[in-house]
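K.L.:
Please find one structure pasted underneath; my questions will follow.
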Amino acid sequence: MKPLSEQVRQAVKASGMTNGEIARALGIDKANLGRALRGEQRLSGELMDALGELLKLRVESPTPRQREAA
């Protein structure tokens with residue numbers, strides 16, 4: 001299973017929006033968004049919720065069996 005930051009990064013790319021557009025829509029700093037998408041900064045629950053709503057994402061946690069297989 002891919003890291004969460006990678007999954008979100010792929011969804012951002014698929015959206016066709018730039019990081020700047022997403023940051024403006026969420027009211028956050030573009031640099032902070034970039035760091036989070038690169039995995040350099042933790043994705044907060046608040047940011048995940050906002051990204052999910054904006055990009056129409058559904059985040060699923062792996063099952064214990066999936067975690068063991070990773």
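The values are calculated or read from the model by the stated rules, or taken from the named source; none is laboratory data. These numbers were taken from a predicted model, which means no experiment stands behind them. Cβ atoms come from the backbone with ideal geometry, glycine included; neighbour counts cover every protein chain shown. Only protein heavy atoms, including side chains, enter the accessible area calculation; ligands, DNA and RNA are left aside. Shrake-Rupley method; radii C 1.70, N 1.55, O 1.52, S 1.80 Å.
K.L.:
Mind putting a number on the dipole of the chain about its Cα centre? Charges go on the C-beta only, +1 for Lys and Arg and -1 for Asp and Glu, and I need it in Debye to the nearest 20.
P.N.:
Values: 12 positive and 9 negative charges, 43 e Å.
Dipole of the chain, to the nearest 20 debye: 200 debye.
K.L.:
To continue, here is another question. Out of the total accessible area of the stretch 10-70 (probe 1.4 Å, heavy atoms of protein only), what percent is carbon and sulfur?
P.N.:
Values: 2130 of 4550 Å².
Heavy-atom surface of the stretch 10-70 belonging to carbon and sulfur, 1.4 Å probe: 47 percent.
K.L.:
Continuing with this model, one more query. Report the full-extension gain for the segment Lys13 to Ser44: residue separation times 0.36 nm, less the Cα-Cα distance, to one decimal in nm. Intermediate values should be presented prior to the final figure.
P.N.:
Working: separation 31, 0.36 × 31 = 11.16 nm, distance 1.96 nm.
Here the answer is 9.2 nm.
K.L.:
If you roll a 1.4 Å probe over the heavy atoms of the protein chains, what accessible area per residue do you get for the stretch 1-54, in Å²?
P.N.:
Roughly 65 Å² per residue, with all protein chains present.
K.L.:
Net charge near Ala23: determine it from the other residues with C-beta under 11 Å of the C-beta of Ala23, scoring Lys and Arg +1 and Asp and Glu -1.
P.N.:
My count for the surroundings of Ala23 gives 0.
K.L.:
Mind putting together the pair-distance distribution for the chain? All Cα pairs, 10 Å bins, whole percent per bin, short to long.
P.N.:
19, 54, 20, 6
K.L.:
Positive end of the charge dipole of the stretch 1-50 (Lys, Arg +1 and Asp, Glu -1 on Cβ, about the Cα centre): tell me which of Met48, Gln10, Ile22 has its Cα farthest that way.
P.N.:
Of the candidates, Gln10 comes out farthest on the positive side.
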